[in-house]
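Written below as structure tokens is the structure these notes are about.
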Amino acid sequence: MIETAVLIVGGGPVGLALAGDLGWRGRDCVLVERSDGEIVQPRQDLVGIRTMEFCRRWGLVEAVEAAPYNRDYPQDNVYIAGSLAEGWEIGRYPSPSMNDARPPPESPCRRERCPQNMFDPILRDFARSHASVSLLYRHRFVGLRSERDGVVADIERSDTGERLEVRARFVVGCDGAGSTLRGALGVALVGEPVLTHTTNLIFRRAGFEALHGKPPGYRFILLDEDVGTWATIVAINGHDEWRMSIIRSSADGRALPEHEMRDAIRRAVGCDFEYELVSVMPWRRRELVAETFQSGPGGRLFLAGDAAHAMSPTGGFGMNTGVGDGVDLAGLAGWAGPDLLASYTAERRPVAERNVREASGNLGRMLSPGARPGLLERGPGGAALRARVGRDLATAMLREWRTLGIHLGYCYEGSPICVADNTPPPSLDPAVYEPAARPGSRAPHADLGGGRSTLDLFGRGFVLIAFGPSPPDPEPVLRAARMRRMPVETVTLERPDVARLYARKLVLVRPDGHVAWRGDAAPPDPLRLVDRVRGAA
Ligand SMILES: Cc1cc2nc3c(=O)[nH]c(=O)nc-3n(C[C@H](O)[C@H](O)[C@H](O)COP(=O)(O)OP(=O)(O)OC[C@H]3O[C@@H](n4cnc5c(N)ncnc54)[C@H](O)[C@@H]3O)c2cc1C
């Protein structure tokens with residue numbers, strides 16, 4: 001029998017990020033992962049800007065930048081009619097290589113390209129670096145039973161079948177789209193179980209660009225006359241590994257025979273060439289959100305990542321949304337009042353719903369050209385059609401490439417542990433992020449000089465920022481926090497531009513970096529405020 005505060009089921013990126021954040025906070029957890037952790041086929045490769053802000057907090061930015069992804073490789077998205085070698089480039093959305101990309105003014109970080117086989121090991125090493133974290137690979141979660149103060153989980157060693165029990169106060173299912181924990185809890189999924197049956201093929205070929213002669217791109221989106229957009233080819237490591245996705249590889253999920261896969265690669269590239277077929281992954285693209293993210297007796301069982309929401313990869317939101325779940329949960333765990341953990345569904349489910357919908361919308365936009373007879377004709381009619389289709393597709397796809405609002409602009413609207421101040425809600429345009437310290441939103445970045453950001457102030461406990469040359473007295477709030485043993489640090493910031501950005505003289509920021517409350521003076525009943533934000537009101 002192993003005893004722990006938090007049992008994490010699943011060691012994909014979300015389970016690892018949660019374990020790492022708990023460990024970073026000095027909290028105790030055990031993670032069980034049924035596999036040996038090797039990534040057979042990397043899925044995610046876009047590490048979004050908010051996830052990179054968490055990496056900054058955890059001291060992992062250098063590790064991400066040092067990953068063996070080719071940082072000189074351009075990140076352009078390219079639309080191709082016909083094959084790469086023989087077809088036409090009908091549009092291109094240029095994006096700089098990682099070496100040339102700069103953070104936007106709204107963040108100290110930039111989004112990164114770091115595929116899962118490079119990113120998971122960074123998260124794993126980070127989680128492992130904390131003495132309070134145990135990672136058990138080749139251990140499969142089988143089921144659980146409730147006890148008075150917690151849960152006892154049955155775990156089986158994947159190689160020997162040996163059984164052991166883990167007693168935990170909380171269990172978090174980060175066990176992916178087919179989550180065993182979600183199944184055991186009987187939590188239903190809401191949405192579309194199948195958008196497409198897709199097959200991903202990873203192939204290895206050095207000097208791939210020389211085969212087709214088109215300028216390099218991160219992603220090539222391939223169109224034909226019969227169905228329109230039918231496949232994509234993505235630069236997985238920026239060197240010699242490529243992922244081709246056959247978007248609708250079958251109507252029923254049947255596995256493609258190898259000769260059909262090889263035909264598809266030939267058709268996409270437009271010539272015969274030597275390559276190594278490294279791995280094949282048939283998968284279902286879904287649009288699903290769990291009806292609740294917290295369940296079980298005493299509300300001790302949680303779902304995070306793909307176990308809670310499964311979305312089309314169009315947009316690169318899946319893992320990033322899951323890491324956001326993990327950071328929210330890790331910030332809540334520990335000294336939580338009864339309502340604190342219950343806030344998890346209220347805060348994270350609307351974010352998941354928005355992102356899942358946006359991802360499906362992106363899929364629809366990518367497939368929007370539909371069948372286009374004449375698209376590959378060599379004459380002027382074909383050229384005019386290609387110009388029109390390219391222009392329309394490039395315009396539609398802009399929405400997928402510009403998503404700062406999705407990554408930074410989510411706000412825990414109506415959260416039971418934030419105190420709303422009745423200021424207008426932020427824009428829901430996925431491209432638009434309006435920095436604001438409105439309760440529920442990410443406390444905004446401001447450059448404090450010397451490479452420091454306001455974001456560097458947040459993370460461990462609560463932070464009460466007092467603004468201005470003669471700020472209001474924070475002591476009533478601090479006294480109330482001490483009475484409740486709620487960890488709060490104070491910071492005074494005099495810079496008028498930062499004070500304007502935060503728009504109130506006192507701003508209380510939670511451990512996850514979201515604003516809990518703001519005002520121009522301590523509230524008349526500071527104990528009530530403290531009880532509210534710690535989930536005990
Ligand atoms: C082609 C493709 C490209 C993508 N690109 C991006 C991208 O660029 N950016 C992005 O943010 N997202 C992307 N995604 C989505 C992203 O891959 C997922 O959202 C992410 O992997 C989810 O992480 P997770 O940890 O929740 O689940 P998973 O990665 O599915 O991990 C779940 C883990 O749980 C383990 N497990 C399952 N059952 C048990 C059990 N009973 N006991 C113990 N362990 C168990 C599994 O072995 C697995 O390791 C992409 C997805 C695809 C398909």
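The values are calculated or read from the model by the stated rules, or taken from the named source; none is laboratory data. Everything quoted here is computed from the prediction, not taken from an experiment. Glycine gets a Cβ as well: all are built from the backbone with ideal geometry, and neighbour counts include every protein chain shown. Just the protein is used for accessible areas: all its heavy atoms, side chains included, with ligands, DNA and RNA removed. Shrake-Rupley method; radii C 1.70, N 1.55, O 1.52, S 1.80 Å.
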query: Is region 158-213 best put as rounded, prolate or oblate by its Cα gyration tensor, with a ≥ b ≥ c the root eigenvalues, rounded for a/c under 1.5, and otherwise prolate when a/b is larger than b/c, oblate when not?
result: oblate
Sequence ranges 512-525, 435-448, ranked by mean other-Cβ count within 10 angstrom, highest first: 435-448, 512-525
statement: With a 1.4 angstrom probe the carbon and sulfur portion of accessible area for region 370-487, in percent, totals 56
task: Could you grab the relative contact order for the chain? Cα pairs under 8 Å, six or more apart, rounded to a whole percent.
output: 15
- request: Project the alpha carbons of the chain onto their principal axes and report the range along each, largest first, in whole Å.
  value: 78, 60, 38
message: In whole Å, what are the extents of region 129-223 along the principal axes defined by its C-alpha atoms, from largest to smallest?
response: 66, 37, 27
- line: Treating only Lys and Arg (+1) and Asp and Glu (-1) as charged, each at its beta carbon, one finds that region 1-159 has a dipole about its Cα centre, in Debye to the nearest 20, of 340
- prompt: Assuming R0 = 60 Å, what is the FRET efficiency of residue 158 and residue 489, from their Cβ-Cβ distance, to the nearest 0.05?
  reply: 0.85
- prompt: Which order do peptides 319-327, 254-262, 144-152 fall in by mean Cβ count within 10 Å, highest first?
  reply: 319-327, 144-152, 254-262
- request: Could you work out how far apart the two model spin labels at residue 470 and residue 239 are, taking each label as a point 7 Å from the Cα in the direction of the beta carbon, and quote it in nm?
  value: 6.3
- request: Can you pull a Stokes-Einstein diffusion coefficient for region 338-413 at 4 °C (1.567 mPa s), Rh from Kirkwood over Cα pairs, as a whole number of µm²/s?
  value: 85
query: How large is the accessible surface per residue of region 412-520, computed with a 1.4 Å probe and reported in Å² as a whole number?
result: 45
Segments 490-497, 135-142, 62-69 sorted - mean Cβ within 10 Å per residue, highest first: 135-142, 62-69, 490-497
- request: Grab the other residues whose beta carbon is less than 11 angstrom from that of residue 326, score K and R as +1, D and E as -1, and report the net.
  value: -3
field: P(r) tail fraction, region 261-349 - alpha-carbon pairs more than 18 Å apart, %
entry: 58
query: Among 310, 329, 361, whose Cα lies farthest out toward the positive end of the dipole of region 282-383, if unit charges sit on the beta carbon of Lys, Arg (+1) and Asp, Glu (-1)?
result: 361
message: How much of the pair distance distribution for region 153-280 lies past 26 Å, counting alpha-carbon pairs only, in percent?
response: 45
task: Note down the nm distance, to one decimal, between modelled labels 7 Å out along Cα→Cβ at residue 101 and at residue 527.
output: 5.0
task: Consider just the alpha-carbon atoms of region 385-479 and return their Rg together with their Dmax, both in angstrom.
output: 19.2, 70
- prompt: Expressed as an acute angle from 0 to 90° and rounded to the nearest 10, what is the orientation of the C-alpha long axis of helix 13-24 relative to the principal long axis of the chain?
  reply: 30
Whole-number accessible area per residue in Å² for region 184-294, which is evaluated in the context of all protein chains at 1.4 Å: 42
message: Just to be sure I understand: of the beta bridges DSSP finds with both ends in the chain, what percent are antiparallel, rounded to 5?
response: 70
message: In region 153-195, if the dipole is taken from +1 on Lys/Arg beta carbons and -1 on Asp/Glu beta carbons about the Cα centre, which of 160, 180, 170 is farthest to the positive end?
response: 170
message: Just to confirm a number: summing +1 for Lys and Arg and -1 for Asp and Glu over residues other than residue 14 whose beta-carbon lies under 10 angstrom from that of residue 14, what do you get?
response: -3
message: Taking 35 Å as R0, compute the FRET efficiency from the Cβ-Cβ separation of residue 85 and residue 284 and round it to 0.05.
response: 0.65
statement: Here FRET efficiency (C-beta to C-beta, residue 428 to residue 342, R₀ 35 Å, nearest 0.05) is 0.90
query: Where nothing but the Cβ of Lys and Arg (+1) and of Asp and Glu (-1) is charged, how large is the charge dipole of region 153-203 around its Cα centre, in debye to the nearest 20?
result: 180
message: How would region 127-169 be classified by its alpha-carbon gyration tensor: rounded, prolate or oblate, with rounded meaning a/c under 1.5 and the a/b versus b/c comparison settling the rest?
response: oblate
message: Rounded to the nearest 20 debye, what is the charge dipole size of the chain about its Cα centre when +1 sits on each Lys and Arg Cβ and -1 on each Asp and Glu Cβ?
response: 920
message: Quick check: net charge around residue 499, other residues with Cβ under 13 Å of its Cβ, Lys/Arg +1 and Asp/Glu -1?
response: +2
query: If each of residue 384 and residue 1 carries a label point 7 Å out from its Cα toward its Cβ, how far apart are those two points in nm?
result: 8.0
message: With n ≥ 4 as the cut-off for DSSP H runs, can you work out [θ] at 222 nm for the chain, using -39500 (n - 2.57) per run divided by the number of residues, rounded to the nearest 500?
response: -9000 deg cm²/dmol
field: Potential extension, residue 36-residue 149 segment - 0.36 nm per residue separation minus Cα distance
entry: 37.6 nm
query: Expressed as an acute angle from 0 to 90° and rounded to the nearest 10, what is the orientation of the C-alpha long axis of helix 116-128 relative to the principal long axis of the chain?
result: 20
